[in-house]
Amino acid sequence: MRRRWLAAVAVSVAGLLTLTACGGSGDKAAGGGQSEQKKVEVFSWWTGPGEADGLKAMREIFEKGNPGFTFYDAAVAGGSGDQARALLASKLQANQPPDTFQGHAGAELQGYIKAGKLEPLNFLYDELKLKDVLPQELIDQISVQGQVYSVPVNIHRSNVLWFNPSVLKDAGISEAPKTIEEFIADLGKVKETGKIPLSIGSQWTAVHLLESVLLGSLGTDAYNQLWTANADWSGANVTKALENFKTILSYAGTPQEDWQPAAKQVADGEAAFNIMGDWAYGYFHNPAPGGLGKTSKTDFDWAASPGTDGTFMWLSDSFTLPKGAPNKDGAVAWLKVAASKEGQDAFNPKKGSIPARKDADKSLYQDYLAWDLEQWSSDKLAGSIQHGVVANDAWRTEINDAVGLFQQDQDVAKFQQALIAAAKNSGQ
């Protein structure tokens, strides 16, 4: 696969959050009554429509092939995994790891690796010949000094503009906006109709929006430069991007509880636009009860987020083998399913993502997912902020905090200074 690998990764021990233990984990036992030693605790944040469907499909493969193990769903609700990562940090600090946990490929995993919390998986890569079927640039993101530390199950695209064609038509908009300037103008047109111009969810979705606005305002090379040792967060180009973010946020509706109800506002014709990752496709497209059962190109449509066409802002979900896993054999059995062609082809069409493997059955990926596969093979790359590619957890947390304060005071200069400080504190 020929592509320019432009996203830089911050390698820092600070990736682990210092958090106190949370309360109930929300674990859901399956097949109670079997012995504790055969339980395989799989920790993720896949509880919502679409993502839960994908996990269920992969779980069924695991249970069929491993009758001696009991799958234990330790998923923690909350989009983007912020709540799950907080609980995970406390479990790891207490030396009470799950058997395997979901983590984003990139800087997010680097913190766990440097803190000595993960076992290398080279033995599994050799046994399954995974280096022959996974993109080398993806393997590089989950490796340190030649040791591979997780199994990627998918590729997601972050920079997707979802929209309702009927709402746009009523506002006199003939096509999705291609630039930030066009986007702002179209938001104004929708506002005049009385519909919600831009739906938004909880605070993490504002960070998700920010990464697309930064990419669309700065361009790919300048965006990727922000995550290197030579980054300049004080530049006038960053100031302009943050001003664009402020203007776009001014058209947002009332924040919803999470990304799903915000996306539903678009599908139901209450809102025109939503910028969200391609997991939204599974939610829009999958039939009830897992999804909304909507029709693409009629009830919803998509485009690259404004200003980002030709660039794939990526992230990847992967599973790990924690040091001290209570059931190492069970964890490895799960990792083999996650790594397999069968597992990825069962999981990804329902999740709304494309496979990490290069040999997946492309016929299974239709509609939006066919477009996504084509874009992944041809676009330039940029890494997601919110979803663990370019910023370790400590840095990402500072960015989240800065965005939360900015949503309250709307002070661009103060916001930019907070981002400058966050970059400095990251150790880049």
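Values quoted throughout were computed directly from the atomic coordinates according to the rules given, and no laboratory measurement underlies them. Since this is a predicted model, take the numbers as computed values, not measurements. Because the Cβ atoms are built from the backbone with ideal geometry, glycine has one as well, and the counts that use them run over all protein chains shown.
Listed values, structure above:
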{"item": "Approximate spin-label separation residue 236-residue 123, in nm, with each point projected 7 Å along Cα-to-Cβ", "result": "5.9"}
{"item": "Distance violations [Cα-Cα > 23 Å] among 246/294; 91/424; 240/414; 323/351; 56/362; 64/350", "result": "246/294; 91/424; 323/351"}
{"item": "Net charge of Cβ neighbours under 15 Å - reference residue 89; Lys, Arg +1; Asp, Glu -1", "result": "+3"}
{"item": "Between helix 82-93 and the chain: long-axis angle, C-alpha atoms, 0 to 90°, nearest 10", "result": "30"}
{"item": "Sum of side-chain charges, residue 157 neighbourhood, beta-carbon under 10 Å (Lys, Arg +1; Asp, Glu -1)", "result": "-3"}
{"item": "Residue 295 versus residue 323: modelled label distance in nm, points set 7 Å from Cα along the beta carbon direction", "result": "5.6"}
{"item": "Summed residue charge, Cβ within 13 Å of residue 239's Cβ, Lys/Arg positive, Asp/Glu negative", "result": "0"}
{"item": "Cα-based reach from residue 297 at 13 Å (exclusive), listing aspartates and glutamates while leaving out same-chain residues under 8 positions away", "result": "175, 367"}
{"item": "Charge dipole of region 65-163 about the Cα centre (unit charges at C-beta), most positive-ward option of 113, 144, 83", "result": "83"}
{"item": "GNM flexibility winner over the chain from 367, 409, 73 (Cα, springs under 10 Å)", "result": "409"}
{"item": "GNM top mover of 346, 263, 86 - the chain, alpha-carbon springs below 10 Å", "result": "86"}
{"item": "Mean projection area, nm², convex hull over Cα of the chain", "result": "19.0"}
{"item": "Principal-axis tilt of helix 51-65 within the chain, Cα atoms, nearest 10 degrees", "result": "20"}
{"item": "Charge-dipole axis of the chain as Lys and Arg at +1 and Asp and Glu at -1 on Cβ define it, positive-most pick from 69, 241, 156", "result": "69"}
{"item": "Amide N of region 234-277 lying under 20 Å from the label point, which is placed 7 angstrom from the Cα of residue 413 along Cα→Cβ", "result": "234-247"}
{"item": "Angle in degrees between helix 180-193 and the longest Cα principal axis of the chain, rounded to the nearest 10", "result": "70"}
{"item": "R0 of 22 Å, Cβ-Cβ distance residue 367-residue 60: FRET efficiency to nearest 0.05", "result": "0.40"}
{"item": "Over the chain: helical MRE at 222 nm, DSSP H runs n ≥ 4 each giving -39500 (n - 2.57), nearest 500", "result": "-13000 deg cm²/dmol"}
{"item": "For peptides 189-201, 229-241, sequence by mean Cβ density within 10 Å, most packed first", "result": "189-201, 229-241"}
{"item": "Cα-centre dipole for the chain with unit charges at Cβ (Lys and Arg positive, Asp and Glu negative), debye to 20", "result": "580"}
{"item": "Virtual spin-label span in nm between residue 131 and residue 424, 7 Å along Cα→Cβ", "result": "4.2"}
